[in-house]
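Peer 1: First, the structure itself, so that you have it in front of you.
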Ligand code: DGL
């Protein structure tokens, strides 16, 4: 039987942080990662552009025999997922599934907050879409949701500036901004694939009694639950423990960055879209 991996899509390297937790929760499956590095970052782009790029990548992963695709990218989940699920999937193949990272996070975030005030840190695209606010309030109508776009954080991570003094300025600026919008915030969500890599810096500017939530584990547990509840999809995902990594840009660059996000060596393959 030919391989039918679970597809993991991101605009670039960042989705590897999510895939790492998924693979550790569900190691038995085959995985195919696609990073659209040639066109990243997505975080600053328009709805139409992100939708067009994401759909193209989803179709590519379907052609590689993925029956289930996870959009590990928050920006793509915020701006493209709903249209792909509602408009495109019924035409492409109603038996395939594309899932995102926003819904699983929105389903649990209220369990972490005692004050009922939560903060969402994301790219400009994620924040302006309001997707988190809408999804969180669908699940927890009583929660107050504040958002803050942190446009410098992705480039800082991609340039491996996690520990530099200059990074403090940009991290503190956005933490101060969101906490001054609502001092009752007791839970901060890192709603971007890259932000977990700034966790040490973020902790420096956040009181200990504020919970900082990364998404990887939440998304991984939600996927495990989804596969249990959907045997018709689970049964199509092959289980040989393989991992392949595709990039739309330089494989040397991808492999050089991968260690930071993935924690191990990667030999990626180039694809042209
Ligand atoms: N992967 C994106 C996200 O999670 C961040 C990088 C980008 O802007 O492309 O929103």
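The values are calculated or read from the model by the stated rules, or taken from the named source; none is laboratory data. If you're wondering where the values come from, they're calculated on a predicted model, not measured in any experiment. Glycine also receives a Cβ, built like all others from the backbone with ideal geometry; neighbour counts cover every protein chain displayed.
Peer 1: Can you work out which of the residues in the range 185-212 that are part of a helix (DSSP H, G or I) and in contact (Cβ under 8 Å) with a residue 24 or more places away in the chain is farthest from the ligand (Cβ to nearest atom)?
Peer 2: Per the criteria, the residue is 204.
Peer 1: Answer yes if at least one residue in the range 28-44 is part of a helix (DSSP H, G or I), without any contact (Cβ under 8 Å) to a residue 24 or more places away in the chain and over 24 Å from residue 188 (Cα atoms), and no otherwise.
Peer 2: Looking through the range 28-44, none of the residues is part of a helix (DSSP H, G or I), without any contact (Cβ under 8 Å) to a residue 24 or more places away in the chain and over 24 Å from residue 188 (Cα atoms).
Peer 1: Return a yes/no flag: does the range 9-21 have any residue that is free of Cβ contacts under 8 Å to residues at least 24 places away in the same chain, out of contact with any helix residue (DSSP H, G or I) (no Cβ under 7 Å at 6 or more places or on another chain) and within 14 Å of the ligand (Cβ to nearest atom).
Peer 2: Scanning the range 9-21, I find no residue that is free of Cβ contacts under 8 Å to residues at least 24 places away in the same chain, out of contact with any helix residue (DSSP H, G or I) (no Cβ under 7 Å at 6 or more places or on another chain) and within 14 Å of the ligand (Cβ to nearest atom), so the answer is no.
Peer 1: A follow-up question, please. Within the range 213-221, is there a residue that is surrounded by fewer than 16 Cβ atoms within 10 Å (Cβ to Cβ) and free of Cβ contacts under 8 Å to residues at least 12 places away in the same chain?
Peer 2: Let us first name the residues in the range 213-221 that are surrounded by fewer than 16 Cβ atoms within 10 Å (Cβ to Cβ), namely 217.
Pick out the ones that are also free of Cβ contacts under 8 Å to residues at least 12 places away in the same chain and you get none.
Among the residues of the range 213-221, not one is surrounded by fewer than 16 Cβ atoms within 10 Å (Cβ to Cβ) and free of Cβ contacts under 8 Å to residues at least 12 places away in the same chain, which makes the answer no.
Peer 1: Additional query: Which of the residues spanning the range 56-85 are more than 16 Å from the chain's Cα centre (by Cα) and either in a helix (DSSP H, G or I) or closer than 28 Å to residue 148 by Cα (or both)?
Peer 2: 56, 59, 60, 61, 62, 63, 83, 84, 85
Peer 1: Scan the range 237-252 and give yes if some residue there is within 30 Å of residue 97 (Cα to Cα), modelled with pLDDT of 95 or more, touching a helix residue (DSSP H, G or I) at 6+ places or on another chain (Cβ under 6 Å) and crowded, with 20+ Cβ neighbours inside 10 Å, otherwise no.
Peer 2: yes
Peer 1: Hand me the list of helices (runs of 4 or more DSSP H) wholly inside the range 106-161 holding 1 or more residues that are modelled with pLDDT of 95 or more and more than 18 Å from residue 12 (Cβ to Cβ).
Peer 2: Where helices (runs of 4 or more DSSP H) fall fully within the range 106-161 and carry at least 1 residues being modelled with pLDDT of 95 or more and more than 18 Å from residue 12 (Cβ to Cβ), they are 124-129, 131-139.
Peer 1: Oh, and also: Count, please, the residues in the range 45-71 that happen to be touching a residue at least 60 places away in the same chain (Cβ under 8 Å) and away from the ligand (no atom under 13 Å from the Cβ).
Peer 2: Result for the range 45-71: 8.
Peer 1: Condition check: more than 14 Å from residue 5 (Cβ to Cβ), within 15 Å of the ligand (Cβ to nearest atom) and crowded, with 18+ Cβ neighbours inside 10 Å. Does residue 102 satisfy that?
Peer 2: Answer is yes for this residue.
Peer 1: When only residues in the range 89-105 that are under 11 Å from the mean Cα position of the chain (by Cα) and part of a loop (DSSP other than H, G, I, E, B) count, which is farthest from residue 132 (Cα to Cα)?
Peer 2: Filtering first and then ranking leaves 100.
Peer 1: Something else now. Condition first: away from the ligand (no atom under 12 Å from the Cβ) and out of contact with any strand residue (DSSP E or B) (no Cβ under 7 Å at 6 or more places or on another chain). Now tell me which residues in the range 77-88 satisfy that.
Peer 2: The answer is 82, 83, 86, 87, 88.
Peer 1: Which members of the range 45-71 meet the condition of being touching a helix residue (DSSP H, G or I) at 6+ places or on another chain (Cβ under 6 Å) and either over 14 Å from residue 85 (Cα atoms) or at pLDDT below 95 (or both)?
Peer 2: Those that are touching a helix residue (DSSP H, G or I) at 6+ places or on another chain (Cβ under 6 Å) and either over 14 Å from residue 85 (Cα atoms) or at pLDDT below 95 (or both): 47, 50, 53.
Peer 1: For residue 74, state whether it is within 21 Å of residue 133 (Cα to Cα) and either within 16 Å of the ligand (Cβ to nearest atom) or surrounded by 15 or more Cβ atoms within 10 Å (Cβ to Cβ) (or both).
Peer 2: yes
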